[in-house]
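One structure is given below, encoded as C-alpha cells.
The values are calculated or read from the model by the stated rules, or taken from the named source; none is laboratory data. If you're wondering where the values come from, they're calculated on a predicted model, not measured in any experiment. Backbone-built Cβ (ideal geometry, glycine too); neighbour counts: all protein chains shown. Surface areas here come from the heavy atoms of the whole protein model, side chains and all, with no ligands, DNA or RNA. Shrake-Rupley method; radii C 1.70, N 1.55, O 1.52, S 1.80 Å.
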Amino acid sequence: MTSIIVVDFGMGNLRSVAKAFEHVAPGADVMISADVSDIRAADRVVLPGQGAIGGYIKALYDTDLEPAVLDAAANKPFLGICLGQQVLYESSDEHGEEGESVKTLGLFKGHAKHFTDVSSDPQAMINPQTGHQYPIPHMGWNQVKQTMKHPLWQGIADMARFYFVHSYCLQSENEADVAGVTEYGVNFTSATARDNIFAVQFHPEKSQHDGLKLLENFVNWKI
Amino acid sequence: MGLAKRIIPCLDVRDGRVVKGVQFVDIRDAGNPVEVAARYDEQGADEITFLDITASSDNRDTILHVVEEVASTVFIPLTVGGGIRVLDDVRRMLNAGADKVGINTAAVFNPEFVKQASGHFGSQAIVVSIDARQVEAGDKPRWEIFTHGGRRGTGLDALQWAKKMADYGAGEILLTSMDRDGTRDGFDLALTRAVCDTVDVPVIASGGVGNLDHLVDGVSKGHADAVLAASIFHFGDYTVQQAKQKMHDAGIEVRITE
C-alpha cells in the first residue's frame, strides 16, 4: 500500500486534493499533514497551494517544512499543484515590492510573471473578439499541449482540458523541463517534469476525468 | 483554441432540497442536490454553483453537508453562495469542499469584507454576486444594485460597483439581472456586456435563461466568460451536453466531454 502525503502548511484547499486521491486510489494511505516526520516517511509527496505566493513561501519557511519538502523533491515521486509548481522555480513577480520579485525554491530555471507582463506586445493580452483584455485571473478549462512523453500523461489525450485559476504564469527557461504548454494570450509553462518531479499549474483535483487520471498515474508512477 | 466558455448549472438549495421558483414565488421541488449535482457533472457541467436560500437559521448547516457530500464524488469546481457574512462563513464553506464562495448582500453593506476575504483566502476563492436592475433606459442606460431578492434599491451604480468589487479582490463576478431572473426571456445583454467591458475579472452571466440560444447570446453578444442557468436544466428541458453542442455549433469554444 502506497502512502501519499498532501503537505499542509495552512495554505489552500487541501481537502479537495486528498479527496480526489482517495477516490482514485482507495487502497492508498492518504494523509494531510504538516509534520516533518510524516513527509519523510511517505512514499509520495504532493505539494498543493493556492492564494498569494508571498504568504505561501513565508509559510513554507516559517513551518520548517522546507528541508523536508526539498528532500522529497530530490528523491520521491513528487507532485506540485498550482503554487506548488511555481514555488519550484526561481522567483515570482507576485507581491514583489517596486518590481522586486519573491525568491522561491529555485529547483527549476524560470520565473512566474503576471499575464500582462509576459509579452512586450501590448496587443498580446487583448481578445480580438471583444477588443478588451482577456480576463484575469485565467479561470476555467484550458488546453494543455503535452511537450514530452511522460508516465503522468498516460491515457490523457494531447490538448485535453484542465481547470486553471491563476493570475501569474510560469516562463520556464529550460525547454527540457517543460512537460506541457498552455496558451492564454501568451504561452506559459503549464506542466513541468524532471526525474521524480512532476508539477502542474492547473488543478487536477478539479479537472474531472482527465484530472483524476493524472492523479491515478501519479499514484502508480515508478521512478 | 484556448480557454473554454463555461456552462454553470445553479442549484438553489432550501432546507437541503433543490428548489426553483419564478422570482421567488411558486417554488417547485427539483430534487436532492447531491443527485442533481452528480447528474450535471456527468453531463459535462464546467462548474456547479449552490445558492443556499434556507430561511431558518436552524438549518444553516444543511448546505455544509450537501457540499461535503458533493465534493467527495464530483471533481469539478464548486461555488457556494447565500448568507455569507463573516470570514468564518467563508472558511466553513471552503473546508466543506467549496472552491469559491459567493458574497452578495454582505458586500453591499460592508465592502471591506470582500477585501478581507480575498486577502485571507485569495481572490480565486471569492466571487462577488451582483443583483442589478435597470433604472434608466434610452441611449445611456443605467443599472443599480438591488438587495433582498431584487426588492430593495441601494442607489449604487452597477458598473461602478462591479469595478470596485474587482478592485477589492473579487476573483470573479456573478452578474444577475433581477429584471430577467425567472422570466425565461434571456439575459439582459446590454447589462452583461457593459459589465464585461468594464471589469478585467471573469464575469458569469445569470438571470433569464429560457433556451439554449440565450446561452449563446450571453457569450457572443454579452461577452460573458461563463453562463449560469437553473430551470432549463432542472426540469429536463435541456441537458448540459445539448447546451455545449449548441454553443459549439455557434462557434464558441467549449469543453466537450465524452
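Side notes on the structure shown:
- For segment A:70-105, a residue qualifies if it is of a type in the set (A, V, I, L, M, F, W, C) and either at pLDDT 95 or above or closer than 24 Å to A:Phe162 by Cα (or both), and the qualifying residues are A:Leu70, A:Ala72, A:Ala73, A:Ala74, A:Phe78, A:Leu79, A:Ile81, A:Cys82, A:Leu83, A:Val87, A:Leu88, A:Leu105.
- For segment B:167-192, the candidate set comprises residues that are within 14 Å of another protein chain (Cβ to nearest Cβ) and surrounded by 24 or more Cβ atoms within 10 Å (Cβ to Cβ); within that set, the residue that is farthest from B:Ser206 (Cα to Cα) is B:Ala170.
- So B:Ile76, is it in a strand (DSSP E or B), within 14 Å of chain A (Cβ to nearest Cβ) and within 22 Å of B:Gly218 (Cβ to Cβ): no
- Residue within segment A:113-130 that is open to solvent by less than 10 Å² (accessible area, probe 1.4 Å) and part of a strand (DSSP E or B) present: no
- Filtered residues of segment A:50-77 (kept if within 14 Å of chain B (Cβ to nearest Cβ), assigned to a helix (DSSP H, G or I), hydrophobic (A, V, I, L, M, F, W, C) and open to solvent by 10 Å² or more (accessible area, probe 1.4 Å)): A:Ala59
- Candidate set: segment A:159-212, residues that are aliphatic (A, V, I, L, M) and outside any strand (DSSP E or B); chosen: the one farthest from the other protein chains (Cβ to nearest Cβ): A:Ala176
- Filtering segment B:200-235 to residues that are among the charged types (D, E, K, R), in a loop (DSSP other than H, G, I, E, B) and farther than 16 Å from B:Ala162 by Cβ leaves only B:Lys221.
- Condition broken by B:Arg92, with the remaining ones in (1) in a loop (DSSP other than H, G, I, E, B); (2) closer than 27 Å to A:Val24 by Cβ; (3) open to solvent by 20 Å² or more (accessible area, probe 1.4 Å) satisfied: (1)
- B:Gly182 being at positive phi and free of Cβ contacts under 8 Å to residues at least 60 places away in the same chain: no
- B:Gly138 being surrounded by 17 or more Cβ atoms within 10 Å (Cβ to Cβ) and in a loop (DSSP other than H, G, I, E, B): no
- Flag for B:Leu212 being touching a residue at least 24 places away in the same chain (Cβ under 8 Å), surrounded by 19 or more Cβ atoms within 10 Å (Cβ to Cβ) and within 14 Å of another protein chain (Cβ to nearest Cβ): no
- For segment A:1-49, a residue qualifies if it is open to solvent by 60 Å² or more (accessible area, probe 1.4 Å) and in a helix (DSSP H, G or I), and the qualifying residues are A:Arg15, A:Glu22, A:His23, A:Ser37, A:Arg40, A:Ala41.
- The set of residues in segment A:96-122 that are touching a Gly at 6+ places or on another chain (Cβ under 9 Å) and among the polar types (S, T, N, Q) comprises A:Thr116, A:Ser119.
- When B:Ala224, B:Ala229, B:Ala243, B:Ala250 are screened for being touching a residue at least 40 places away in the same chain (Cβ under 8 Å) and either acidic (Asp, Glu) or within 14 Å of another protein chain (Cβ to nearest Cβ) (or both), only B:Ala224 passes.
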